[in-house]
Amino acid sequence: MKKHLLAAVSAAAFLSTGAAFASDGPLKVGVLATLEGTYTVLGEDGVRGLKTAMAVKGEKAGGRDIELIIQSTDASPDSAVRGARKLVEQDKVDIVIGPLSGSEGIAIRDYSKTQPQVTFLNGISGAQETTYVTPSDNFFRFNTDGAQWSAGLGDYVFNEKGWKSVATIGEDYSFIYTQVFGFALEFCQAGGEITERFWVPLGTKDFGSIIASLPDDVDAIYLGLGGGDAVNFLNQYQQAGGDANLIGGSIMVDGTVLNSKGDAKNALIGTPSAGPQADTWDDANWKAYVKAYQDAFPPDQRFPSPSLLATGYYNATTAAMTCLDEVGGDLSDGHAKFRACLSNLELDAPNGKITLDGNRQAIGANFVSEVAEQEDGTLVTKLVAIKDNVPQTLGIDPEVFAKIGLPSRETPECKASY
């Protein structure tokens, strides 16, 4: 079909087969979310964030209704690819939003390269490698990665808390490697020492041996855990009488943990952390977003405030719908206009302005916070400081940053200078 005919078709969309254009019917959007396993509660709130964005935007984009097809994953790369194949090759979606977990994101980046007719927007997965290494032309990430989420934390715990030595515990996969990477770079350059790094499988139920092995001659323990793992650790740590200073990875102190059942979460009160948002930020856009989230779901079917997982999916969905409106739903020429809009979009997100770099990776604000108890007994992340415009290379010279190596169990080395 020629371009001059497209102008006469309201909200035309390129079908995922690439064979024709449709002028009516819904726009098909596939969603990948962890609705099984350790991160189930995270995936559920991610979907809430997506649905909040749709409600704010009036359920339409580019003049067309949106048909959502939600596909469950379990945080494993295999489940993410199986889900994406079902959405793309069977359901024939135009756009995929997701996934949530770090190694899922790497797998979906690779799968996206085999499906150039579909545009993929990351949900909230935060492994550095996803966009830093062999990025995909049709994969866009409107959330900063796990290392960017650590910006400001190392300096804060060393210089403000006075904690000079730390041991770390983390789930043994790409996102937590990325979180510890960002924390270690800043903490070690400030003068800190990481004495030991402990790694546990995702979905660990029994932390007894790890807790028994924790050193007692460090100033604090960094916890790179999330979902069910975080809750299990806190329960067992409290039962063991643990009383060390704690430092939280971003999903360790997220609302998905702070609103969990039981009292073990109270061990986190006073815990410093950092991430892409802070619950108590006194910003008009943030407050409007929180209200939209609250209005979209009954109180017993949501958290008091959106988790960072909700915010990630909200921002990805908002970016997609904004650009679909901008191009009038035109997904012709391999989504050329739509992708150009995404690449150049300055997203006025509830957690600050977000732009994309040349790898279609987010540059945005990061929030240093501490867990605090409110008058009603609920726990929140209380804002301490904001670092604006954090790039994926964390302000380090790109050539120097590349030589550090990709996040892993032992990378980066803890050095005073890189």
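Tabulated data
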read-out: One residue from Val166, Val180 being assigned to a helix (DSSP H, G or I) and buried (at least 19 other Cβ atoms within 10 Å of the Cβ); value: Val180
read-out: Residue list for region 319-343, filter: in contact with a strand residue (DSSP E or B) (Cβ under 8 Å, 6 or more places away or on another chain) and either among the polar types (S, T, N, Q) or more than 17 Å from Val118 (Cβ to Cβ) (or both); value: Thr322, Asp325, Ser332, Ser343
read-out: Long-range neighbours under 6 Å by Cβ, at least six apart or interchain, first residue within 25 Å of Gly203 (Cα to Cα) within region 67-90, second among the aromatic types (Phe, Trp, Tyr) and open to solvent by 10 Å² or more (accessible area, probe 1.4 Å); value: Val81/Tyr111; Ala84/Tyr111
read-out: Counted residues, region 206-263 - those being open to solvent by 20 Å² or more (accessible area, probe 1.4 Å), closer than 17 Å to Phe183 by Cβ and of a type outside the set (S, T, N, Q); value: 3
read-out: From Val371, Val327, residue being touching a residue at least 24 places away in the same chain (Cβ under 8 Å), surrounded by fewer than 24 Cβ atoms within 10 Å (Cβ to Cβ) and among the hydrophobic types (A, V, I, L, M, F, W, C); value: Val327
read-out: Odd one out for Arg302 among (1) open to solvent by less than 10 Å² (accessible area, probe 1.4 Å); (2) in contact (Cβ under 8 Å) with a residue 60 or more places away in the chain; value: (1)
read-out: Test: Asp333 is open to solvent by 30 Å² or more (accessible area, probe 1.4 Å) and modelled with pLDDT under 95; value: no
read-out: Condition met for Lys403 (more than 25 Å from Leu121 (Cβ to Cβ) and outside any loop (DSSP other than H, G, I, E, B)); value: yes
read-out: Set Leu379, Leu356: member being over 18 Å from the mean Cα position of the chain (by Cα), modelled with pLDDT of 95 or more and buried (at least 18 other Cβ atoms within 10 Å of the Cβ); value: Leu379
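The values are calculated or read from the model by the stated rules, or taken from the named source; none is laboratory data. From a predicted model like this one, the values you see are computed outputs, not experimental measurements. Methodologically, a virtual Cβ is constructed for each residue, glycine included, from the backbone with ideal geometry; neighbour enumeration extends over all protein chains shown. Remember, those area values only see protein heavy atoms, side chains included, never the ligands or the DNA or RNA. Shrake-Rupley method; radii C 1.70, N 1.55, O 1.52, S 1.80 Å.
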